[in-house]
Amino acid sequence: MTELAWGAEAWSEVRASLDRCIKCTVCETACPVAAVTELFPGPKTVGPQAERFRTGGHSPDLSVDYCSGCGICSRVCPQGVRIAELNSRARSELKRERGVPLRDQLVARPGLLGRFGRPVAPLFNRAMANSLVRWAGERTIGIHRRAPVPRSTTRTFSHWVGHHAGTKSARRVVYFHGCSTQWYEPHVGQKVTAILEHNGYQVIIPKQDCCGLPLQSNGLFPAARKAVTRLARQLVPDATGDLPVISSSTSCGLMLKREAREILGADSPELRSVSARTYDIFEFLRELHQRGELRTDFKPVPLTVAYHAPCQQQNQLIGKPALEILRLIPGLRLVELDRSCCGIAGTYGVKREKYEIAMRVGKPLFTDIQAEGPDLVACDSETCRWQISAATGATSVHPLEILHRAYGGS
Amino acid sequence: MNTLDTDVLVIGGGSTGAGVAWDSALRGLHVTLVDRQDFATGTSGRFHGLLHSGGRYAVKDPGSARECAAENRILRQVAADCIEDTGGLFVSTPEDDLEYADRFLAAARAAGMEVEEVPVGTALRDEPRLNPKIRRAFRVQDGSIDSWKMVSALLRGAEAHAATVLPYHKVVEVLRHGDRVEGAVMEDQRTGQEVRVHAGCVVNAAGAWSGQVARLAGCEVGVRPGKGVMVAINHRLARAVLNRCHLPSDGDIIVPVRTVSVIGTTDHPVADPDDTECSPEEVHQMIEAGELLVPGFREARALRVWAGSRPLLPKTGGSAGAGDREVSRSHTVLDHGARDGLEGLVTIAGGKFTTLRLMAEDTVDVVVRKLGRGSECRTRTEVLPGSESRHFYWIGNRQQEAETDPPDDPLICECELVSQHDLDTVVARRPTWRLDDIRRALRVGMGPCQGGFCAFRVAGMLHQEGRYGRAEANSALREFVQERWKGVKVISWGAQARQTRLDRWIFEGLYDLEHLPE
Ligand SMILES: Cc1cc2nc3c(=O)[nH]c(=O)nc-3n(C[C@H](O)[C@H](O)[C@H](O)COP(=O)(O)OP(=O)(O)OC[C@H]3O[C@@H](n4cnc5c(N)ncnc54)[C@H](O)[C@@H]3O)c2cc1C
Ligand code: SF4
Ligand code: SF4
């Protein structure tokens, strides 16, 4: 019997949602992957249609592996079919049955890569920039030689936290920073902390591990379930029972908000609790602003910034709060990039067999960016930033870095 | 008028008639099999799809249970391609008597069934949608059996042994010479032409219609048609067949058949076996019954409703006033020579899909005796065409094949994954008259959209290939859509109602189906 194919109640609901498909085909017209490759038959086909032929145990279809998991289909379906979630499950069944390539095991554990890279960061970074090393990587473990990889850092975020004095306040939030902040972009975490403190919050930063999202998107469900349940425990120590949990990584935030329960079928009191009070950082700031509590002592930022809303942020169904907040900054010329997906979809685009597809998916976005020639590209998701920079040469930042600058930061 | 000579004329191309044809052909007899419609359009195409383990009859009708258990084992050997090995569970729901469960277990063992009690927790882990309040569970060898595949394999097998098969040939007259039946006259329903068949022996395998056929020969067969209603749900709610462990009643089995789950059934005596109307009350009754086995059943998408007629033959002097379930499910071979003094006619009545092989064997034994010709029965071991590999059919087969279909072989029916190549193959293999014939052969139009996205494709392709003239294509399409509508009109709620509206937009808004030229 398979542990995965049939599981928690939430999964039963996801599976039952296939009944709502009326074949309107809207999802097919929106899927960025189906638009660029014949290898992927499209969301209607691999989602509600194929699910009727799956009973667990043995997977009949391989093509579902080409779904990037961007979630656009689920968002556009007028009938509420949970297409991306169905695909995600099917993919994990496939991996469970046929085994997971070493490559997927590796990219699914950013902590592992980061931890391995950190003590020798300059060396690691130089190696990753070396085309010979990358070529070998492609041949041996299947990570495309031109795929974007993050730069490792010598000082982790938690190292900084250990030396950060912080402020005391009655208004407190928990900060869930995620792996990329920890291992690759500690400056993002530092700025989040600064912004929240500037607005009068005490920021609690518990020790935390990976949310399991990369494990999930690589089909390693049991490990992912374990990871997210552990994270939920780490994030809600007793004293902070009902504090907002702020996330600056869109995909990891979505994991806590929904995917852990709906895709992984994970469940625990802590997870439910965390799930209900997780906010995207800009979602949180927008609420502050709506209550008239956001400080708007902005300095002008005389830059042209092109903003791309990443899929996983859009899948939180919260609109584009970053745009709303950045619009308050004087002097800033903000260009909204109205394209769906950059192609990377977490770790999808770094895989040898998917790199070209991902680049084709992102093409319209890259073309727009190059045509616009902005000073900076802003995007809430780290992997999307890496992809955009690698593909266009543009400098990309988290939108809160712009906000930080408007507050007078450097 | 065409005239044919044959050893055995079999009237009725359901599972029974097809089984008789296969059995006779293997014994070296020349068979002619006729049906008033396409094959497997009678009860055999309208049944529940269960390859009985015997569990249903274990307590009430041990003879039937034993037959089912034995035949189940044989069919798995010779007809694997038509069977899906889903397994089955008998579960005691909160409404079922626990004491019955003990009787069930003992009776099932006595009937020679493979049965084991499984912990409730195990049953629930295997079947997460099963009612968590069940109190006992037994695993049995139920399976699901595809009627079209089975009947078609039997026909192909018989044809390979020189049988003649004539669909759309309705028997309108039985030829008698004194006290002897010598054959029958058929009317081709497509052309109106008559065909006369002279036969050494005539087998009446017309199921619920066998009373009508016997009457043409001037004798009576007391078959009592018993109508049963079923509802198909859009996807599989369980992997195994789910049975309530209690005395058989209405709506107590859910069978995973191909891509759907089918709940059934009821049993109401009807005067006319062609009466297959389903009332909203009957549908409601099924849906509510499903809720007991699978909580949330009500919210699942009902795809289609249909009914079939049981060919029940009361045992001589069958207990008056008793409900039809009192009647044994076992079959009876009526030798009209011995019974009515009318030689050359044998009626096979009663029975089940699961026991078709045994029914055929018993029937042809009598035929062989009468003809004084024909060898021993071989159907116990002879493997049917398509089942040579002895691999069971598996639900994922089509999905797996669709993955490797060449890109220039487009899907015609997306719900049931039928490609243009599949369609061409079937159309080349057998003459097609109605679109419904293709539906049965390939499941075109049987998925969630109920033909909305595929019916016009099929009609158009057949027209393009010159098999249909313009008017024929149009009327075939219209007829098909109306037939589909019959099955969904009583369940038009929720997602299926939306689907129906979208389909109507396509058919009426896009194709103006009502006004296509005749
Ligand atoms: C609701 C229901 C559910 C059932 N579920 C199951 C199940 O799950 N498992 C199981 O094993 N059994 C099941 N059965 C029983 C089983 O389906 C039937 O016993 C079996 O299919 C009968 O087959 P048949 O060939 O005898 O009859 P049919 O399939 O009805 O064949 C008789 C044929 O005779 C033809 N005919 C009639 N008149 C003429 C004429 N004048 N000229 C030429 N042809 C004529 C008809 O067109 C028809 O095709 C079920 C029955 C019903 C009613
Ligand atoms: S958008 Fe939704 S309803 Fe439409 S085809 Fe896709 S899954 Fe089905
Ligand atoms: S998740 Fe994205 S890639 Fe996958 S089917 Fe949906 S839209 Fe296409």
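Selection within segment A:18-59: residues that are closer than 19 Å to A:Phe221 by Cβ and touching a Gly at 6+ places or on another chain (Cβ under 8 Å). The member of this set that is nearest to ligand 1 (Cβ to nearest atom) is A:Thr55. With respect to B:Thr93, is the statement that it is away from ligand 3 (no atom under 16 Å from the Cβ) and within 14 Å of chain A (Cβ to nearest Cβ) true? Against the criterion (away from ligand 3 (no atom under 16 Å from the Cβ) and within 14 Å of chain A (Cβ to nearest Cβ)), B:Thr93 does not qualify. Filtered by the rule that a residue be out of contact with any Lys or Arg (no Cβ under 7 Å at 6 or more places or on another chain) and part of a strand (DSSP E or B), segment B:261-284 gives B:Val262, B:Ile263, B:Gly264. State whether the residues of segment B:35-53 include one that is farther than 28 Å from B:Arg439 by Cα and touching a residue at least 40 places away in the same chain (Cβ under 8 Å). Yes, some residue in segment B:35-53 is farther than 28 Å from B:Arg439 by Cα and touching a residue at least 40 places away in the same chain (Cβ under 8 Å). Go through segment B:477-503 and count every residue that is under 23 Å from the mean Cα position of the chain (by Cα) and closer than 21 Å to B:Asp424 by Cβ. Total meeting the criteria: 1.
Checked against (1) more than 19 Å from B:Ser64 (Cβ to Cβ); (2) within 14 Å of chain A (Cβ to nearest Cβ); (3) not charged (D, E, K, R), B:Val241 meets all criteria but (1). Residues that are near ligand 1 (Cβ under 8 Å from one of its atoms) and closer than 18 Å to B:Ala70 by Cβ within segment B:349-358 comprise B:Gly350, B:Gly351, B:Lys352, B:Phe353, B:Thr354, B:Thr355, B:Leu356, listed in sequence order.
Restricting segment A:21-45 to residues that are open to solvent by less than 30 Å² (accessible area, probe 1.4 Å) and more than 13 Å from ligand 2 (Cβ to nearest atom), the residue that is farthest from A:Tyr66 (Cα to Cα) is A:Pro32. Among the residues of segment B:276-298, those identified as touching a helix residue (DSSP H, G or I) at 6+ places or on another chain (Cβ under 7 Å) and free of Cβ contacts under 8 Å to residues at least 40 places away in the same chain are B:Glu291, B:Arg298. From B:Thr32, B:Thr43, B:Thr86, which residue is within 14 Å of another protein chain (Cβ to nearest Cβ) and within 13 Å of ligand 1 (Cβ to nearest atom)? Of B:Thr32, B:Thr43, B:Thr86, the one residue that is within 14 Å of another protein chain (Cβ to nearest Cβ) and within 13 Å of ligand 1 (Cβ to nearest atom) is B:Thr86.
Among (1) at pLDDT 65 or above; (2) buried (at least 16 other Cβ atoms within 10 Å of the Cβ); (3) not acidic (Asp, Glu), there is one condition A:Gly117 misses while meeting the rest; what is its number? (1) is the only condition that A:Gly117 fails. For segment A:145-262, the helices (runs of 4 or more DSSP H) that sit wholly inside it and include 2 or more residues that are closer than 27 Å to A:Leu403 by Cα are A:157-163, A:178-183, A:186-198, A:250-254.
Looking across segment B:444-454 at every residue that is in contact (Cβ under 8 Å) with a residue 40 or more places away in the chain and touching a Phe, Trp or Tyr at 6+ places or on another chain (Cβ under 8 Å), the one that is surrounded by the most Cβ atoms within 10 Å (Cβ to Cβ) is identified as B:Gly451.
Would it be correct to say that B:Asp437 is open to solvent by less than 30 Å² (accessible area, probe 1.4 Å), away from chain A (no Cβ under 14 Å), acidic (Asp, Glu) and out of contact with any His (no Cβ under 8 Å at 6 or more places or on another chain)? Considered against the rule, which asks whether it is open to solvent by less than 30 Å² (accessible area, probe 1.4 Å), away from chain A (no Cβ under 14 Å), acidic (Asp, Glu) and out of contact with any His (no Cβ under 8 Å at 6 or more places or on another chain), B:Asp437 comes out as yes.
Of all residues in segment B:393-432, exactly one satisfies the criterion of being at the interface with another protein chain (Cβ under 10 Å from one of its Cβ atoms), part of a helix (DSSP H, G or I) and open to solvent by less than 20 Å² (accessible area, probe 1.4 Å), namely B:Gln399.
Within 15 Å of ligand 3 (Cβ to nearest atom), open to solvent by 10 Å² or more (accessible area, probe 1.4 Å) and touching a strand residue (DSSP E or B) at 6+ places or on another chain (Cβ under 9 Å) - does that describe any residue in segment A:328-344? Taking every residue of segment A:328-344 in turn, at least one turns out to be within 15 Å of ligand 3 (Cβ to nearest atom), open to solvent by 10 Å² or more (accessible area, probe 1.4 Å) and touching a strand residue (DSSP E or B) at 6+ places or on another chain (Cβ under 9 Å). Based on what the data block shows, is B:Asp61 surrounded by fewer than 22 Cβ atoms within 10 Å (Cβ to Cβ) and of a type in the set (Asp, Glu)? When the stated conditions are applied, B:Asp61 does not pass them. Of the helices (runs of 4 or more DSSP H) lying entirely inside segment B:89-190, those containing at least 1 residues that are crowded, with 16+ Cβ neighbours inside 10 Å and touching a helix residue (DSSP H, G or I) at 6+ places or on another chain (Cβ under 6 Å) span B:147-160. Within segment A:202-218, the set of residues being crowded, with 24+ Cβ neighbours inside 10 Å and in contact with a Ser or Thr (Cβ under 8 Å, 6 or more places away or on another chain) comprises A:Leu213, A:Pro214, A:Gln216, A:Ser217, A:Asn218.
Annotation note: of A:Thr383, A:Thr367, the sole residue that is open to solvent by 20 Å² or more (accessible area, probe 1.4 Å), hydroxyl-bearing (Ser, Thr, Tyr) and either under 17 Å from A:Gln313 (Cα atoms) or in contact with a Gly (Cβ under 9 Å, 6 or more places away or on another chain) (or both) is A:Thr383. Candidates B:Ala214, B:Ala206, B:Ala232, B:Ala199: the one that is modelled with pLDDT of 95 or more, within 14 Å of another protein chain (Cβ to nearest Cβ) and either open to solvent by less than 10 Å² (accessible area, probe 1.4 Å) or closer than 20 Å to B:Arg176 by Cα (or both) is B:Ala232. Under the condition of being open to solvent by less than 20 Å² (accessible area, probe 1.4 Å) and within 30 Å of B:Ala240 (Cβ to Cβ), the residues counted in segment B:15-41 number 6. Between B:Gly251, B:Gly211, the distinction of being free of Cβ contacts under 8 Å to residues at least 24 places away in the same chain and either part of a helix (DSSP H, G or I) or farther than 18 Å from B:Thr16 by Cβ (or both) belongs to B:Gly211 only. Summed over segment B:457-503, residues that are outside any loop (DSSP other than H, G, I, E, B), surrounded by fewer than 20 Cβ atoms within 10 Å (Cβ to Cβ) and within 14 Å of chain A (Cβ to nearest Cβ) total 7. Considering only residues in segment A:46-91 that are of a type in the set (D, E, K, R) and assigned to a helix (DSSP H, G or I), the one that is farthest from the other protein chains (Cβ to nearest Cβ) turns out to be A:Arg75.
If only residues of segment B:285-303 that are under 23 Å from the mean Cα position of the chain (by Cα) and in a helix (DSSP H, G or I) are counted, the one that is nearest to B:Arg129 (Cα to Cα) is B:Gly290.
When B:Ile438, B:Ile506 are checked against the criterion of being assigned to a helix (DSSP H, G or I) and more than 28 Å from the chain's Cα centre (by Cα), B:Ile506 stands alone in meeting it.
The values are calculated or read from the model by the stated rules, or taken from the named source; none is laboratory data. All figures in this text were calculated on a predicted structure; none of them were measured in a lab. Quick reminder, even Gly has a Cβ in these numbers, built from the backbone with ideal geometry, and neighbours come from all protein chains shown. SASA here: full protein model, heavy atoms, side chains in, ligands and nucleic acids out. Shrake-Rupley method; radii C 1.70, N 1.55, O 1.52, S 1.80 Å.
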